Amino acid sequence: MDTKVKNKSTFKGMYDDYRRLLKYLRPYRGEFLFASLTMVIVSSTSGGAAFLIQPLMDNVFIKKDARMLTILPGILVAIYILRGAGRYFSSITMQRIGMQTVRDLKNEMYGHTQGLSLRFFQQHTTGRLISRIFSDTNLVQESISVVIYDTFREGLTVVTLVGVLIYRDPTLSVFALLVLPFSALFIGRLGSKIKKITFGAQERAADLISLMSEAFSGVRVVKAFGMEAYETEKFKGENERIFNITVKTVKINELSSPLLEFIGALAIAAIIYYGGWQVVEGRTTMGSFFSFLTALFMLFPPISKLARVWTKIQQAMAAATRIFEVLDQKPDVADQKDTVNIGPVVREVAFEDVVFAYGNEPVLRGINFTSKAGTITAIVGMSGAGKTTMVDLIPRFYDPLKGRVLFDGVDIRTVTLESLRAQIGIVTQDVFLFNDTIWNNIAYGRSNVKKEEVEAAAKAAYAHNFIMGFPDGYQTIIGERGARLSGGQKQRISIARALLKNPAVLILDEATSALDTESEIEVQKALNNLIENRTSFVIAHRLSTILHAQVILVMEKGKIVEVGTHNALMVLDGAYKKVFDLQFAANSKIG
Ligand SMILES: Nc1ncnc2c1ncn2[C@@H]1O[C@H](COP(=O)(O)OP(=O)(O)OP(=O)(O)O)[C@@H](O)[C@H]1O
Ligand SMILES: [Mg+2]
């Protein structure tokens with residue numbers, strides 16, 4: 001009983017998915033109508049050709065009617081010209097519809113994933129996401145172009161041919177068509193098996209993409225550890241599994257045709273025996289019997305095509321399920337109803353009893369503090385204390401489980417994400433730059449910026465000079481993730497980007513790795529320009545930052561354990577002193 005319920009629900013699920021998929025065809029119904037008409041032409045020509053066998057045989061070959069001999073071949077040629085044209089136009093139209101639908105689906109999926117929250121991207125590997133947007137949609141395209149096309153055309157062909165069969169000999173038709181339900185049952189079985197395998201194959205292919213993208217972007221690490229052979233073996237193993245699954249699919253796929261043909265051959269042998277006997281007895285004409293037989297033979301290709309279509313549908317539905325899974329993902333962080341825009345912070349930013357966890361274990365356990373607008377709040381603590389997590393709640397990368405984050409007394413969950421994020425600038429530990437020009441990286445998110453603005457930002461970030469040192473200046477393409485720049489240069493570009501945005505609130509996760517002295521001094525000066533006159537939250541790794549900060553928050557295991565200025569906290573001789581001795585005392589020479 002349990003399995004019955006399950007089957008029913010998956011069948012219903014599949015039906016719903018299919019209907020949902022068909023909705024994407026709606027904009028193209030005009031083209032679809034045209035394709036259907038041309039398909040009707042193609043299908044009728046099959047029946048027409050089979051039908052013509054009877055007059056051809058009975059009049060030309062038996063009665064030796066010469067007039068018919070001049071007409072019939074002409075009709076046959078005409079039929080096939082019509083058929084060719086119909087086939088061409090219906091095929092290109094259907095493929096166009098499929099490609100358009102998939103183009104729309106891809107756009108929708110990408111747009112949707114862009115709107116999803118950080119948590120989603122941490123739970124799904126890049127490879128799986130890319131595979132869903134690319135491979136799965138391609139499977140769906142095939143299902144639309146090929147499946148609908150074949151189902152329609154071959155289905156209609158079957159109908160016209162069966163019409164000829166019944167017209168020629170009703171009794172014999174009934175017998176011949178008895179074979180069909182058996183075949184259908186058999187094909188259905190194969191189809192569900194294919195669907196299951198396809199699902200697995202797609203998942204595997206996605207893993208392969210993840211594996212590659214990781215190894216390519218981490219190529220330095222791979223080489224430094226001499227792991228080229230290991231990575232190659234890992235790829236081989238994964239690739240082999242995909243190969244095995246694909247072979248299995250092909251085997252099952254190809255099994256359907258020969259088995260069906262065998263069943264068909266048995267039926268035909270019986271029909272030839274019975275039909276031939278009818279002709280011998282003079283109960284039917286030879287032409288009529290051959291017309292019947294031709295129609296029957298012509299039935300095989302479309303039926304075996306339809307059998308394949310069923311397995312293709314199963315494949316496509318496996319892909320559609322995965323696509324809709326992504327489209328149905330709701331962002332955890334989204335605008336609530338009746339949100340309003342919020343202006344830049346003028347009084348304070350506050351955390352009120354904030355609790356947060358990524359999984360079950362709380363990472364922030366009751367955070368309380370208030371930062372005055374225009375001041376620097378430094379956050380220090382051991383690695384894993386929850387510093388990054390805490391500042392991630394300010395732009396609502398995550399929402400607190402309990403408690404509130406307040407801007408001028410307003411819960412930031414009650415304002416629009418757009419107005420909130422518009423006033424926040426973020427400079428992270430690992431700088432992320434796009435494979436684009438320096439100009440576009442600095443002006444990211446801003447349209448219509450003036451040349452002077454970009455240059456002023458770059459100058460304040462101590463980046464202008466080195467940028468002008470490149471032959472292409474601001475138009476220099478910086479490589480994937482900024483691969484063609486040094487660490488300090490990347491940081492200064494990201495500082496210029498933040499400066500250009502000119503945010504009221506600044507979040508700065510200082511890089512832990514110290515740069516060489518000269519670069520460090522430049523970055524330092526750039527950061528000082530950036531922090532000025534803003535409400536800044538700085539996860540500090542530099543001595544100068546903590547010395548400048550109005551307030552230092554000391555974090556330990558998800559809690560703020562000490563609050564105060566550097567001097568006051570040093571006097572306390574507690575948690576801060578420990579962190580200071582470990583992280584800052586050694587740097588004091590540079591700072
Ligand atoms: N995306 C995540 N999913 C699950 N756990 C996470 C995630 N990010 C961080 N954590 C966990 O949350 C805790 C706090 O991490 P967080 O990054 O906030 O520390 P941190 O104080 O910034 O450390 P560091 O100084 O090393 O940057 C850690 O125990 C970490 O393992
Ligand atoms: Mg951190």
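log₁₀ I(q)/I(0) of the stretch 17-327 at q = 0.09, 0.10, 0.11 Å⁻¹, via Debye over equal Cα point scatterers, no solvent, to two decimals?
So the normalised log intensities work out to -0.62, -0.72, -0.82.
For the stretch 257-355, what is the convex hull (Cα atoms) projected area averaged across all directions, in square nanometres? If you can, show how the numbers build up before the last one.
Values: hull surface 59.9 nm².
Its Cα hull, projected and averaged over all orientations, spans 15.0 nm².
What FRET efficiency do you get for Ala456 and Asp408 if R0 is 35 Å and r is their Cβ-Cβ distance, rounded to the nearest 0.05?
Using R0 = 35 Å, I get an efficiency of 0.75.
Tally Lys/Arg at +1 and Asp/Glu at -1 over every other residue whose Cβ is under 12 Å from the Cβ of Leu406; what's the total?
-2
For Leu553, enumerate residues with amide H under 5 Å from its amide H, sequence gap 5+ or separate chain, H modeled in the peptide plane.
Hits under the 5 Å cutoff: Ala378, Ile379, Val380.
When only alpha-carbon atoms are used, what values of Rg and Dmax, in angstrom, describe the stretch 77-220?
Values for the stretch 77-220 (Cα only, Rg and Dmax): 22.4, 76 Å.
Among the aspartates and glutamates, select those whose C-alpha is under 18 Å from the C-alpha of Lys236, and discard any that sit fewer than 8 residues away in the same chain.
Straight-distance partners of Lys236: Glu203, Asp207, Glu214, Glu228.
With a Cα-only, solvent-free Debye model of the stretch 451-571, what are the log10 I(q)/I(0) values at q = 0.09, 0.12, 0.19, 0.23 Å⁻¹?
Cα-only, vacuum Debye calculation for the stretch 451-571: -0.30, -0.51, -1.07, -1.39.
Need the C-alpha centroid separation for the stretch 72-135 versus the stretch 203-270, integer Å.
23
Roughly how big is the chain's charge dipole about its Cα centre, with Cβ charges of +1 (Lys, Arg) and -1 (Asp, Glu), in debye to the nearest 20?
Charge dipole of the chain: 1560 debye, to the nearest 20.
Using the Karplus curve 6.51 cos²θ - 1.76 cosθ + 1.60 with θ = phi - 60°, work out ³J(HN,Hα) for each residue of the stretch 302-309 in order, rounded to whole Hz, and write x for Gly and Pro.
Calculated HN-Hα couplings, in order: x, 5, 5, 5, 4, 4, 5, 4 Hz.
Cα convex hull of the stretch 1-129: mean projected area in nm², to one decimal?
Mean projected area of the Cα convex hull: 14.5 nm².
If R0 is 30 Å, what FRET efficiency do you get for Phe300 and Thr246 from their C-beta distance, rounded to 0.05?
It comes to 0.65.
Give me the net charge of Ser131's neighbourhood, meaning all other residues with Cβ under 10 Å from the Cβ of Ser131; Lys, Arg count +1, Asp, Glu -1.
Local net charge: +1.
Would you mind checking Lys490/Lys559; Lys195/Lys248; Lys330/Lys387; Lys234/Lys312; Lys402/Lys559 for any pair whose Cα atoms are more than 22 angstrom apart?
As for pairs spanning more than 22 Å Cα to Cα, those are Lys490/Lys559; Lys330/Lys387; Lys234/Lys312.
For Lys305, go through the aspartates and glutamates and keep the ones whose alpha-carbon is under 13 Å away, minus same-chain ones fewer than eight residues off.
Filter leaves Asp150, Glu154, Glu254, Glu261.
Using only Cα atoms, figure out Rg for the stretch 190-308 and give it as a multiple of 2.2 N^0.38 Å.
Compared with the compact-globule rule of thumb, the stretch 190-308 sits at 1.95.
I want to check the label-to-label distance for Ile521 and Leu572. Put each point 7 Å from Cα in the C-beta direction and report it in nm to one decimal.
3.4
What order do you get for Thr137, Thr428 when you list them from fewest to most C-beta neighbours inside 10 Å?
Exposure proxy ranking, most exposed first: Thr428, Thr137.
Which value at 222 nm does the chain reach when only helices count, each DSSP H run of 4 or more adding -39,500 (n - 2.57), with the total divided by all residues and rounded to the nearest 500 deg cm²/dmol?
Result for the chain, helices only: -20500 deg cm²/dmol.
Equivalent-ellipsoid semi-axes (√(5λ), Cα gyration tensor) for the stretch 348-589, whole Å, largest first?
Working through the eigenvalues yields semi-axes of 31, 22, 15 Å.
Work out how much length Arg484 to Tyr88 would gain on full extension: take 0.36 nm times their residue separation and subtract the Cα-Cα distance, in nm to one decimal.
Length gained, Arg484 through Tyr88: 137.5 nm.
When every alpha-carbon pair in the stretch 295-348 is counted, what percent end up more than 12 Å apart?
Here the tail beyond 12 Å accounts for 79 percent of pairs.
Give the percent of DSSP beta bridges with both residues in the chain that are antiparallel, rounded to the nearest 5.
Bridges in the chain that DSSP calls antiparallel: roughly 50 percent.
Give the value in nm², to one decimal: projected area of the alpha carbon convex hull of the chain, averaged over all directions.
Spelled out: convex hull of the Cα atoms, projected over all directions, averaged, 38.5 nm².
Residues in the stretch 380-403 near a label at Ala334, defined as backbone nitrogen under 19 Å from the 7 Å Cα→Cβ point?
Within reach of a label on Ala334: 396-401.
For Lys459, give me every one of the aspartates and glutamates with a C-alpha distance below 14 angstrom, ignoring sequence neighbours fewer than eight places off in its own chain.
Glu522
Every number in this text was worked out from the coordinates using simple rules, so none of it is lab data. Keep in mind that this is a model prediction, so the values were computed, not measured. Here the Cβ is made from the backbone with ideal geometry for all residues, glycine too, and neighbour counts use every protein chain on show.
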